[in-house]
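Quick note: the coordinates plus some simple rules give every number you see, no bench work behind them. The shown structure was predicted, so the numbers you read here are calculated from the model rather than taken from an experiment. Heads up, the Cβs are rebuilt from the backbone with ideal geometry, glycines too, and the neighbour counts pull from every protein chain shown.
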Amino acid sequence: MPESALYIVATPIGNLQDFTPRAIDMLNKVQVIAAEDTRHSARLMAHFNIKTPMVSVHEHNEAHRVERILQHLQQGESVALISDAGTPVISDPGFVLVRAVREAGFNVVPVPGCVAFVTALCASGLPSHRFSFEGFPPHKSSGRKQFYSERAGLPHTMAFYESPHRILASIDDMIEVFGADRQAAMARELTKTFETIHSAPLSELRDWMAADANQQRGEFVIMVEGAPVQEARELDDEALRVLDVLLAELSVKQASALAAQITGLKKKPLYQAALERKKD
Ligand code: SAM
């Protein structure tokens, strides 16, 4: 019997050979598997002949299910959390449960494996010494543009998840906000038969995908390179000092516009620097 704990178990994102022996072993040994969608996971369990009972834990019942999971742990049992694919909690349910279990004083043990954005990033050719995972953008174009604008000045690679229904519209919004020439990469159907990883400036990437309906199907990670360093370097210490003074009182937009007037520098790098500094 494994030590009583909540085990966060990663499952494959496509290729079943990516299911680790340790993950399979844990799912066989725990008393209960908490699954995002029990019907979906039943197929995976059948394939690996895992017979452990499952309960559903999804975004609509997660808070409610916490009590039940805690009861198992109080009895000295072990519970595994899985999601439909990849690592639970990452753009998937589980955060509420993990926090509650830790706060109740029980162990939470990660059993690592696939994460789609890491799988995508490592083969994208985009800078990866520093990057951020930004999850799913909003569904509507107006919200999405706002979401991208807030990230336009980030100097590092960003990874986004996006659905096939919105992929082209979302890249259109990226072009508008990040600019047509910003380097990007899409990773589609990772670890599956039609796996495709294609890197190009945003407008070329958009045209390449629009020209072939097959390239708009499946599951996607979209990665965008960070804002050019050159623009950030244009700002000297004095400009940044002015920006900081204004930022203490004003919004990012107002502070960068005023800083541009005071310093005579371009608004865009000041806006990007303001976004960065407001975050710190
Ligand atoms: N927990 C998962 C993980 O560890 O990456 C992510 C779950 S999230 C609900 C599902 C999204 O992840 C998809 O819409 C897609 O953006 C991305 N994704 C999952 N599997 C993928 C794959 N095989 N290829 C490309 N993207 C994938």
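A few remarks follow.
- The chain: antiparallel DSSP beta bridges as a percent of all, rounded to 5: 50
- Check: the chain dipole with +1 on Lys, Arg Cβ and -1 on Asp, Glu Cβ, in debye: 320
- Near V55, the amide H atoms lying under 5 Å from its own belong to I33, A34, A35; only residues 5 or more places off or on other chains count, and H is placed 1.01 Å from N.
- Cut-off 11 Å between beta-carbons: net charge of the residues surrounding G135, Lys and Arg +1, Asp and Glu -1: -3
- C-alpha center-to-center spacing [the stretch 48-69, the stretch 17-47] in angstrom: 12
- For the chain, built as a Gaussian network whose Cα springs stay under 10 Å, the top-fluctuating residue of A187, A239, A200: A239
- H139-D236 pseudo-label distance in nm [points 7 Å out on the Cα-to-Cβ vector]: 5.1
- Linear extension gain, E176 paired with S91, 0.36 nm per residue minus alpha-carbon span: 28.0 nm
- The H on the amide N of V109, modeled in the peptide plane, is under 5 Å from the matching H of L6, Y7, I8, each at least 5 residues off or on a different chain.
- DSSP loop GluC sites (Glu not before Pro) with at most 10 other Cβ within 10 Å excluded, longest remaining stretch of the chain: 4-248
- Centre separation in Å (Cα based) which lies between the stretch 182-231 and the stretch 75-98: 29
- For K253, the lysines whose Cα comes closer than 19 Å to its Cα, not counting residues fewer than 8 places off in the same chain, are K145, K266, K267, K268, K278, K279.
- Cross-link partners of K51 among lysines (Cα-Cα below 21 Å; sequence separation of 8 or more within a chain): K29
- Residue-wise HN-Hα coupling along the stretch 189-203, computed from phi with Karplus coefficients 6.51, -1.76, 1.60 (Hz; x: Gly, Pro): 6, 4, 6, 10, 4, 9, 3, 9, 10, 9, 10, 6, x, 3, 5
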